[in-house]
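Working notes, structure below.
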Amino acid sequence: MIRINCPYCGEREHSEFTYGEDATRTTPDNDAPMEEWNKFVYERDNPAGEHIEYWHHAFGCRAWLKVQRNTITHDISWVGLPHENPEAAS
Amino acid sequence: MSGFRHGAGRLGDAQLNFTFDGKPMLARAGDTVASALLANGVEVVGRSFKYHRPRGVTSSGPEEAGALVTIGAGGKADPNARATMEPVTQGLEVFSQNCFPSPKFDLMSVNGLAGAILPGSLFSAGFYYKTFMWPAALWYKFYEPSIRAAAGMGVPPKVADPDIYDRIQMFCDVAVVGGGSAGLSAALSASQSGLRVVIFDEHNDLGGQLLNEANSDQNADLEQWRKDTIAALEAADNVTVLARAVCWGRFDGNMLAAHQSVDGKVRQNYIKVQAKKIIIAAGAIERPLVFGNNDKPNVMLASAARRMLNHYGTATGKMLAVFTNNDSAYQTAFDYSDAGIKVSAVVDSRQYPSEALVDGCMSRGITLHTQAVVTEAKGWQAVRSIEIADLAANGQSVSNRRRVACDVLAHSGGWTPQVQMAAHGGKPPIYDKTIAAFVVGDQAPDTYSVGAAEGENGLLAGVAQALEAAKAACAELGGTAGAVTAPPQDRDGATNIVPLWSVPAKGKQLVDIQHDVTAADVVQSHSEGFVSVEHLKRYTTLGMANDQGRTSNVNALAIMAECRGVSIAEAGTTRFRAPIAPVSMGGFAGREIGKHFKPVRRTPMQEWHEKAGAVFVQAGMYMRPQYYPQAGETIDDAYERETEHVRKKVGICDVTSLGKIEIVGPDAAEFLDRVYINMFSTLKVGKARYGVMLREDGIVYDDGTTSRFAEDRFFMTTTTAKAGPVMAYLERCLEIDWPELKVRVSSVSERWGAMAVAGPDARATLTAAFPSVDFSNEAFPFMGVVHAEHNGAKLVILRISFSGEMAYEVYATSEHATDIWQTVVDAGQAYDIVPYGLETLGALRIEKGHVTGAELDGRVTLGDVHMDGMASKKKWFVGKNLKQREGMVHPDRPQLVGLKSVDPRTPISTGSILVTEANATAGADKQGWVSSMTYSPELGSFIALGFLRGGKDRIGERIYAAYPVKGKNVEVEVVSNHFVDPTNDRVKG
Ligand SMILES: [Zn+2]
């Protein structure tokens, strides 16, 4: 069972959380061309290894968190707030 | 009859009664069903899966593949239980399986004959894929029922399981899997650091292979060590000893899953243990040898025959023979001989067993056949003799066949370390030639496998490994493992095995005894191209039985490697997956069954509805009144009456289940402008507006009404189904996408009870109910919002309408909601107010052409539901960019239409497809579907909402709503979705 260390609540089982989405994408400008929006909405990398993603502590403090998870081992190596990044924290 | 009681073993004195197929039998406290059946002379316990061959006890542990029985009767029946793992309790009912009329005489055993006469046809390798391929129609009618009848296992009970199951969550520093000498030592040593320790063992008695040892004076110190170690663990406050708990899987984050059988009110616990370090001391399982009729009752693993005698006080026969390719089985012969039971032969496939073993045989007068094999077990039901032969030096042929009398054959093909739990950590096991089995290669993080599980069969050597592991694990956790006493005797672990994967002789040689997979099947699988071990497994179903390949895997893949001419290491092993043992579904469900399956949400007015005789329906988690029947009314009578009444007079409906979200802050209006397609910054304080949200891909997400309470304060309602998701979505937008917006969102769904009051007399009713509020059209126009107080209740009243009638939604603080509801009902008496339920709510909104979740199903665009005009051109909003894609605005898209039965009394089934042909058949041009239907009292006709290709321009057309599965074909007229009051005058009245 994956355990996630919520900055507000401490370490909790992942069943308290909901997976949100890929956190490596950048939202296009409002007036960006449709192709760019299409790419943003539909195209995802599927990396084997470290991945940065959003999780929602739905059955806890309800914060949205940024999480670094290894997609092969499921090891969670970093948890932060949405505007933070693993590099900055370490 | 061959087994019998012989000595006390380690069992208690208490006598227990149990039955086998109704026949009374005696057991002693501590017996398993297997040991007790053997002690009662039972040889044939059941019949095999495919060939209905007689089967008996083959082991003394979790690897049991022969003695599968049903425990208990009625709802408590537990089919396919391994007799070796089930303790006998007083009055236990045990039943044989897969045999008719009895295990000894079984009519279906003709399957075995058919297999012999027509080799490679019925039930041979891949039979599932070949025999029943064609014609497909016969599958359901003939093949499947016949296979089920012929190749059945235990029968699952048809009534609900009355037992209680629990789920337990545990945390520990060090988890030890396996309670043999290594596991016990590791746990005790780790516990002395003060860290929290959990130790599992799937048996009732801890000790592992120490339990195979004779309970004799000679071994008294060893037995005392076992008892002392267990007692010390049980006495320690920081140790949890879980006996009868099978650890069946290891998951992310060092989580171990186990099912524990318990006696008492609860039958099983499903235990999840979150461990920091895991020591795997799961031991090793003895492998069978592969020779003719090796599945015959009274052919059993040598270690099992030994444990039956030494631990359970059950001699498995009156004359024992032993067949082995390694040293370990000799001890079984010696123990039986020393206990006064005749041993007719030891057959060793090796040329030169050690001098000590040869001497051991000689001193006991046991005939030793070296470089010899058992070619076949013989006997009508169970073993009565064996045919043995000399093995050629190259191992490819046999000669000099001869008979040896015996009534039990104990065999050993070597030992297989239990690597599953270590392999679940992600590392594939590697082949170790010395023990001719797979061991753990790289240890997964935080994992230490030790002792026989790591291929170390020596007693003291295994314990030493375990203590090393405990020391390392504790040190990493900042603790110091303690020194513990080593066992006072040693047992040599060297097996000196010379592999013998199958005996080169004819006859049915079983590899997987439970699934009736033979050595010939493995060879056939190879010749048909299924050569990878993963394909072999699926083609033959090998290793998929209860024992999950514990006894069969290594033999089968060794035979496959031989066929392929590659090394066993190269052939590799199949991937180990959880669960490694059969586990009950009850444990997973725990107490969340029946009405406890999920929580039930009730509105504040629940009791009122109950008293009013409402019939309830579950909508999401909510219990909602579906309708309020009067005497003699059917559901149709009731909703038609309620609907008509609302249109003519007034009704009241509980709408508490709507999602309610408060949105507060200086940027609240800007925020709503971004999430809704229409403008909210222009909404005046004291006004409400209908809003629609899109997803990023431009598909309609949700709709609802949002009111402005103050410049910086809005009150949003969502659909019942989307209350949770929309809340999470708004939070995401604010925290991730637009952190610069100064806005807070809070779910206030539980804060407010809500009721819709609808109908021409709604204003008069509410005026009477709340005299302090001015309900006049001027003071309180359509889409107006009023705050009020009534007898301590805070009220928010919205003049909005879902029904199309003049209507208000009254929100009252939850604790006052029932009082407010009653106030409205009392005031409405003068206007014959009726409560109405979900059916009527649906009928009214379909008549009006409003959409709900049935229409907004995650596939429709704004254009599909004629709302494109609502989308603001002056601002950006979520979904704006992609809603304009070609496919999203195509004129041929299915669009929302109304449908009216040409024959008004013919209902239009929801889910019907829309076609233009009168009698649609497969392949018809499907032009749309029906999403909602109702009877409309106002129109005197059945009506429906649906989506029709290019539907906007097809008003007036006559088409068909087809439901081929039910043979329905209803002629319908395409009309506007606004059936009632299309000019929307009533709401403004
Ligand atoms: Zn949290």
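The values are calculated or read from the model by the stated rules, or taken from the named source; none is laboratory data. Note that this is a predicted model, so its numbers are computed, not measured. So basically every Cβ, Gly included, is an ideal-geometry build from the backbone, and we count neighbours across all protein chains shown. To get the accessible areas, we keep the full protein, side chains included, count just its heavy atoms, and leave off ligands, DNA and RNA. Shrake-Rupley method; radii C 1.70, N 1.55, O 1.52, S 1.80 Å.
Select from region B:308-344 the residues that are open to solvent by 20 Å² or more (accessible area, probe 1.4 Å) and aromatic (Phe, Trp, Tyr) and list them in ascending order.
none
Go through the residues of region A:1-23 one by one and say whether even a single one is in contact (Cβ under 8 Å) with a residue 60 or more places away in the chain and more than 21 Å from A:Ile72 (Cα to Cα).
At the first step, the residues of region A:1-23 found to be in contact (Cβ under 8 Å) with a residue 60 or more places away in the chain are A:2-7.
Those left that are additionally more than 21 Å from A:Ile72 (Cα to Cα): A:6-7.
So far as region A:1-23 goes, yes, one or more of its residues are in contact (Cβ under 8 Å) with a residue 60 or more places away in the chain and more than 21 Å from A:Ile72 (Cα to Cα).
Only one of these conditions is not met by B:Gly724: (1) over 45 Å from the mean Cα position of the chain (by Cα); (2) surrounded by fewer than 22 Cβ atoms within 10 Å (Cβ to Cβ); (3) in a helix (DSSP H, G or I). Which number is it?
(1)
So, B:Ser936, is that one in contact with a Lys or Arg (Cβ under 8 Å, 6 or more places away or on another chain) and either at negative phi or open to solvent by 70 Å² or more (accessible area, probe 1.4 Å) (or both) or not? So that I can check it myself, show each step before the final result.
Numbers: in contact with a Lys or Arg (Cβ under 8 Å, 6 or more places away or on another chain): no; either at negative phi or open to solvent by 70 Å² or more (accessible area, probe 1.4 Å) (or both): yes.
The answer is no for B:Ser936.
For region B:869-880, enumerate the residues that are more than 14 Å from chain A (Cβ to nearest Cβ) and without any contact (Cβ under 8 Å) to a residue 24 or more places away in the chain.
Let us first name the residues in region B:869-880 that are more than 14 Å from chain A (Cβ to nearest Cβ), namely B:869-871.
Residue satisfying the conditions is B:Gly869 alone.
Answer yes or no as to whether B:Gly482 is assigned to a loop (DSSP other than H, G, I, E, B) and farther than 25 Å from B:Val374 by Cα.
yes
Can you spot a residue in region B:700-712 that is part of a loop (DSSP other than H, G, I, E, B), free of Cβ contacts under 8 Å to residues at least 60 places away in the same chain and open to solvent by 10 Å² or more (accessible area, probe 1.4 Å)?
yes
Within region B:733-763, count every residue that is surrounded by 17 or more Cβ atoms within 10 Å (Cβ to Cβ) and either small (Gly, Ala, Ser) or in a helix (DSSP H, G or I) (or both).
Final tally of qualifying residues: 13.
Could you pull out every one of the strands (runs of 3 or more DSSP E) wholly within region B:881-989 that has 3 or more residues that are touching a residue at least 60 places away in the same chain (Cβ under 8 Å)? Talk me through it step by step, then tell me what you get.
Numbers: elements: B:894-901, B:913-915, B:928-936, B:941-949, B:958-963, B:968-975.
In region B:881-989, B:894-901, B:928-936, B:941-949, B:968-975 are the strands (runs of 3 or more DSSP E) which contain 3 or more residues that are touching a residue at least 60 places away in the same chain (Cβ under 8 Å).
Among A:Arg69, A:Arg44, which is the only one that is surrounded by fewer than 17 Cβ atoms within 10 Å (Cβ to Cβ) and more than 14 Å from the ligand (Cβ to nearest atom)? Show your work before the answer.
Values: A:Arg69 fails: surrounded by fewer than 17 Cβ atoms within 10 Å (Cβ to Cβ).
Just a single option satisfies the conditions, and that option is A:Arg44.
Given (1) within 16 Å of the ligand (Cβ to nearest atom); (2) over 13 Å from the mean Cα position of the chain (by Cα); (3) away from chain B (no Cβ under 11 Å), where does A:Trp78 come up short, assuming only one miss?
(2)
Yes or no: B:Val273 in contact (Cβ under 8 Å) with a residue 60 or more places away in the chain and either in contact with a His (Cβ under 8 Å, 6 or more places away or on another chain) or not aromatic (Phe, Trp, Tyr) (or both)?
Details: in contact (Cβ under 8 Å) with a residue 60 or more places away in the chain: yes; either in contact with a His (Cβ under 8 Å, 6 or more places away or on another chain) or not aromatic (Phe, Trp, Tyr) (or both): yes.
Criteria met by B:Val273.
Tally time: how many residues in region A:81-90 are within 16 Å of the ligand (Cβ to nearest atom) and of a type in the set (A, V, I, L, M)?
Of the residues in region A:81-90, 1 are within 16 Å of the ligand (Cβ to nearest atom) and of a type in the set (A, V, I, L, M).
Quick check: is even one residue across region B:895-906 within 30 Å of B:Glu696 (Cα to Cα), out of contact with any helix residue (DSSP H, G or I) (no Cβ under 6 Å at 6 or more places or on another chain) and more than 14 Å from chain A (Cβ to nearest Cβ)? Walk me through it before giving the result.
Here is the first cut: in region B:895-906, the residues within 30 Å of B:Glu696 (Cα to Cα) are B:895-898.
Then keep just the ones that are out of contact with any helix residue (DSSP H, G or I) (no Cβ under 6 Å at 6 or more places or on another chain); that gives B:898.
Filter again for more than 14 Å from chain A (Cβ to nearest Cβ), leaving B:898.
Yes, there is a match, as at least one residue in region B:895-906 is within 30 Å of B:Glu696 (Cα to Cα), out of contact with any helix residue (DSSP H, G or I) (no Cβ under 6 Å at 6 or more places or on another chain) and more than 14 Å from chain A (Cβ to nearest Cβ).
Within region A:16-38, identify whether any single residue is over 24 Å from B:Ala578 (Cα atoms), open to solvent by 40 Å² or more (accessible area, probe 1.4 Å), of a type in the set (A, V, I, L, M) and within 11 Å of chain B (Cβ to nearest Cβ), and answer yes or no.
yes
With the checklist (1) on the phi < 0 side of the Ramachandran plot; (2) away from chain A (no Cβ under 14 Å) in hand, flag the one item B:His866 doesn't pass.
Condition (1) is where B:His866 drops out.
Looking at the structure I just gave you, is A:Gly49 away from chain B (no Cβ under 12 Å) and either closer than 30 Å to B:Ser746 by Cβ or in contact with a helix residue (DSSP H, G or I) (Cβ under 9 Å, 6 or more places away or on another chain) (or both)?
Working: away from chain B (no Cβ under 12 Å): yes; either closer than 30 Å to B:Ser746 by Cβ or in contact with a helix residue (DSSP H, G or I) (Cβ under 9 Å, 6 or more places away or on another chain) (or both): no.
The answer is no for A:Gly49.
From the set of residues in region A:47-66 that are within 16 Å of the ligand (Cβ to nearest atom) and open to solvent by 60 Å² or more (accessible area, probe 1.4 Å), which is farthest from the chain's Cα centre (by Cα)?
Among them, the one singled out is A:Phe59.
Sort out which residues of region B:691-728 are within 14 Å of chain A (Cβ to nearest Cβ) and touching a Lys or Arg at 6+ places or on another chain (Cβ under 9 Å), and write them in order of number.
As a first pass, look at region B:691-728 and keep what is within 14 Å of chain A (Cβ to nearest Cβ): B:694-699, B:701, B:723-728.
Those that are within 14 Å of chain A (Cβ to nearest Cβ) and touching a Lys or Arg at 6+ places or on another chain (Cβ under 9 Å): B:Leu694, B:Asp697, B:Gly698, B:Ile699, B:Tyr701, B:Ala723, B:Met727, B:Ala728.
Here are B:Gly686, B:Gly691, B:Gly659, B:Gly704: which of them is under 20 Å from B:Val785 (Cα atoms) and touching an Asp or Glu at 6+ places or on another chain (Cβ under 8 Å)?
Details: B:Gly686 fails: touching an Asp or Glu at 6+ places or on another chain (Cβ under 8 Å); B:Gly659 fails: touching an Asp or Glu at 6+ places or on another chain (Cβ under 8 Å); B:Gly704 fails: touching an Asp or Glu at 6+ places or on another chain (Cβ under 8 Å).
Only one candidate passes the filter, namely B:Gly691.
Only one residue in B:Thr551, B:Thr518, B:Thr540 is open to solvent by less than 20 Å² (accessible area, probe 1.4 Å), of a type outside the set (A, V, I, L, M), within 30 Å of B:Ala578 (Cα to Cα) and over 28 Å from the mean Cα position of the chain (by Cα), so which one is that?
Values: B:Thr551 fails: over 28 Å from the mean Cα position of the chain (by Cα); B:Thr540 fails: over 28 Å from the mean Cα position of the chain (by Cα).
The unique qualifying residue is B:Thr518.
I'd like to verify a number: residues in region B:219-265 that are more than 24 Å from the chain's Cα centre (by Cα) and either open to solvent by 50 Å² or more (accessible area, probe 1.4 Å) or free of Cβ contacts under 8 Å to residues at least 12 places away in the same chain (or both), how many? Give the steps one after another, and end with the answer.
Taking region B:219-265 and keeping what is more than 24 Å from the chain's Cα centre (by Cα), we get B:219-241, B:264.
Next cut, either open to solvent by 50 Å² or more (accessible area, probe 1.4 Å) or free of Cβ contacts under 8 Å to residues at least 12 places away in the same chain (or both) only: B:220-221, B:224, B:227-228, B:231, B:234-235, B:237, B:240, B:264.
The total comes to 11.
Within region A:1-15, how many residues turn out to be under 15 Å from the mean Cα position of the chain (by Cα) and within 11 Å of chain B (Cβ to nearest Cβ)? Write out each step before concluding.
To start, the set of residues in region A:1-15 that are under 15 Å from the mean Cα position of the chain (by Cα) comprises A:2-7, A:14.
The next check asks that each one be within 11 Å of chain B (Cβ to nearest Cβ); those that pass are A:2-4, A:14.
Matching residues across region A:1-15 total 4.
Return the total of residues in region B:619-651 being in contact (Cβ under 8 Å) with a residue 40 or more places away in the chain, open to solvent by 60 Å² or more (accessible area, probe 1.4 Å) and part of a loop (DSSP other than H, G, I, E, B).
1
Checking B:Lys506 against (1) assigned to a loop (DSSP other than H, G, I, E, B); (2) within 21 Å of B:Trp415 (Cα to Cα); (3) not assigned by TED's automatic domain parsing to the domain that holds B:Ala232, only one condition comes out false. Which one?
If we test B:Lys506 against (1) assigned to a loop (DSSP other than H, G, I, E, B); (2) within 21 Å of B:Trp415 (Cα to Cα); (3) not assigned by TED's automatic domain parsing to the domain that holds B:Ala232, just (2) comes out false.
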